[in-house]
Amino acid sequence: MKKIKYIIFFAVILLTDNIAFAQKCDCSTAFKWMKTAFEENDAGFRYILDQKGYAAYETHNKLFENKVGEITEPDSCVSAIRQWAKFFRVGHFGFIVNQVHIKKNKDSENKSVGPSKNKINNIHLDSEPYVQEYDSTTVYLRIATFESQYKKTIDSVIHANSELIYTRKNLIIDIRDNGGGDDASFDEILPIVYTNPIRDVSVARLSTPHNNKIWEDYMSQNSVSASDKAVYAGYLKKLNANLGRFVMLHDSVRTFRYQKVTQFPQNVAIMINGNNGSTAEQFLLAARQSKKVKLFGTTTMGELDISNMYYITSPDGKYTLWYCTSKSLRIPENSIDNKGISPDFYLDKSIPKNQWLPYVAGIMRYW
């Protein structure tokens, strides 16, 4: 069985968990450095500038230059710079003060070992994936995140419940509030929903001296195999030979096939909402190509076209900027950023969120 394997790395920066200790900051200096680094390295900078125009960008900059000039508090500076970035996209951008205190997640010490029947009807936000029988014809699979540290758990949960999954007519996959992670985390889900070859439109990488260091980072990891290191070294050589250009590291479109189409599940509903972005949207682009799959919920976040996040630290070490190094070949004809992915079945506000699951299960009984 040939699996889809993406080398793409997605990240979500949650700046709301950071509280800066520094009492004062020079926000104007931070803004100036960030702006230059972003312009030189971000793969989406020129694309949006071509769409909105240089004059609009200059007006936007002057507004924020005046704003940051009056800011001396680190948290206010971070907030202002995040607002500045919305000129380009809604996500896949991060800016932090490095001297921070990460709030302790009080819930992390109180995770349930397994879901109860009450929990399945009142969807929780724990990160641990799980599978549970919903009724005699329907299985429920909850995937709260595709972050790389959960890949093994996702795979294990699917394997442990394969008999249940592959013997029921209907499967509901709930990825609500899944903000993304690592594409490899959904490798074991796609064979379940597969019916026909899956086409994946590739990305082009913006080659800059700093962007290309990401491959050096990959090669330095002990968990990376010698064969993968050789592949990454080839990428690095190609990128360094084309500085300032967008470089293709794969074919423009790749087609992936699995060995068989399983008899069950016959129908797959994927529940989505406005908090789905990045890798979660990449999963949806692949999964919805199946004849078995329908999407239920609300339109997703829309943060996928400009992706593959990387970071750069300011010369004084005070700040870190997270930005994107790649641009999808889908755009502009089939862009996702700032638009999102629409559901096949829109679940309006008259349906309470805690009733989405029984509502979807009810619809599937007609299929």
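The values are calculated or read from the model by the stated rules, or taken from the named source; none is laboratory data. Just so we're clear, the structure is a prediction, and the values are computed from it rather than from any experiment. Every residue, glycine among them, receives a Cβ derived from its backbone with ideal geometry; neighbour counts consider all protein chains shown.
Tabulated results
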read-out: Residue check for residue 358: more than 23 Å from residue 34 (Cα to Cα) and either in the same structural domain as residue 239 (by TED's automatic domain parsing) or surrounded by fewer than 24 Cβ atoms within 10 Å (Cβ to Cβ) (or both); value: yes
read-out: Flag for residue 365 being at pLDDT 95 or above and of a type in the set (D, E, K, R); value: no
read-out: Some residue of the stretch 89-99 being modelled with pLDDT under 50 and within 24 Å of residue 303 (Cβ to Cβ); value: no
read-out: Test: residue in the stretch 192-207 that is over 25 Å from residue 297 (Cα atoms), free of Cβ contacts under 8 Å to residues at least 12 places away in the same chain and not β-branched (Val, Ile, Thr); value: no
read-out: Only one of 228, 174, 251 that is of a type in the set (D, E, K, R) and touching a Lys or Arg at 6+ places or on another chain (Cβ under 9 Å); value: 174
read-out: Residue within the stretch 334-356 that is among the aliphatic types (A, V, I, L, M) and within 16 Å of the chain's Cα centre (by Cα) present; value: yes
read-out: Meets criteria (out of contact with any Pro (no Cβ under 9 Å at 6 or more places or on another chain) and closer than 28 Å to residue 302 by Cβ) for residue 222; value: no
read-out: Those residues of the stretch 178-200 which are closer than 17 Å to residue 290 by Cβ and among the aliphatic types (A, V, I, L, M), in sequence order; value: 189, 190, 192, 193, 198
read-out: Where residue 24 falls short, out of the listed (1) of a type in the set (Lys, Arg); (2) modelled with pLDDT of 95 or more; (3) over 23 Å from the mean Cα position of the chain (by Cα); value: (2)
read-out: Boolean, residue 62 is at pLDDT below 80, farther than 27 Å from residue 218 by Cα and not β-branched (Val, Ile, Thr); value: no
read-out: Scan of the stretch 158-174 for residues that are aliphatic (A, V, I, L, M) and in contact with a Leu (Cβ under 8 Å, 6 or more places away or on another chain), ordered by number; value: 158, 165, 171, 172, 173
read-out: Residue satisfying all of: in the stretch 36-88; touching a strand residue (DSSP E or B) at 6+ places or on another chain (Cβ under 9 Å) and among the β-branched types (Val, Ile, Thr); surrounded by the fewest Cβ atoms within 10 Å (Cβ to Cβ) among these; value: 48
read-out: Residue tally, condition aliphatic (A, V, I, L, M), outside any helix (DSSP H, G or I) and in contact with a Leu (Cβ under 9 Å, 6 or more places away or on another chain), over the stretch 334-360; value: 2
read-out: Output for the stretch 323-351, where each listed residue is over 16 Å from residue 300 (Cβ atoms) and buried (at least 20 other Cβ atoms within 10 Å of the Cβ); value: 323, 324, 325, 326, 327
read-out: Strands (runs of 3 or more DSSP E) (entirely within the stretch 203-296) containing at least 1 residues that are modelled with pLDDT under 95 and either surrounded by 14 or more Cβ atoms within 10 Å (Cβ to Cβ) or not basic (Lys, Arg) (or both); value: 253-256
